[in-house]
Structures are given as C-alpha cells and as structure tokens.
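Participant: Before we start, here is the structure in question, set down as structure tokens.
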C-alpha cells in the first residue's frame, strides 16, 4: 500500500501563451511611457517654458492609456 503523502501531484506547466502575452504587455507599457515622456520633453524644450507642462500632461495621458489597456486585456475571459 502506498503512502498518500508520498504521492506527488503532477505539476502544471506554465502557460507559455499567457506568459508571452503579459511580457509583451509589459514592454508595450514601457515603450508607451518612454515615448510620451520623450515627446513631452521635446515639446517643452521647443516652447521654452520653465514649467514642464507637456511632459506632465503626456506622461499622465500615457499612464491612463496603459491602465486602460491592462484592464481591457486582463478582463477578457479566454
């Protein structure tokens, strides 16, 4: 008779499709925020304002779009 504690449950393999999806989402987030910060910085340089208005506005806009994309992608039932 086998000991019930010695029986090992088979380990589930991680779903590579899901892993790639979220890895891609992370890189997309970084790229979106990076482009928004860079564009805001360049626009602020051209305007010559001492307050970084466009840097802040474009960064916040990018964050809102990123959060919207995360919510949309993670709420799907697949």
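Participant: Looking only at the stretch 58-77, count how many residues are surrounded by 14 or more Cβ atoms within 10 Å (Cβ to Cβ) and without any contact (Cβ under 8 Å) to a residue 24 or more places away in the chain.
Facilitator: 1
Participant: Scan the stretch 64-78 residue by residue and report those that are in contact with a helix residue (DSSP H, G or I) (Cβ under 7 Å, 6 or more places away or on another chain) and under 29 Å from residue 45 (Cα atoms).
Facilitator: Scanning the stretch 64-78 gives 65, 66.
Here, each number is a calculation from the coordinates, and none is a lab measurement. Predicted model, so just to flag it, every value in this text is computed and none were measured. Cβ: placed from backbone, ideal geometry, glycine included. Neighbour counts: every protein chain shown.
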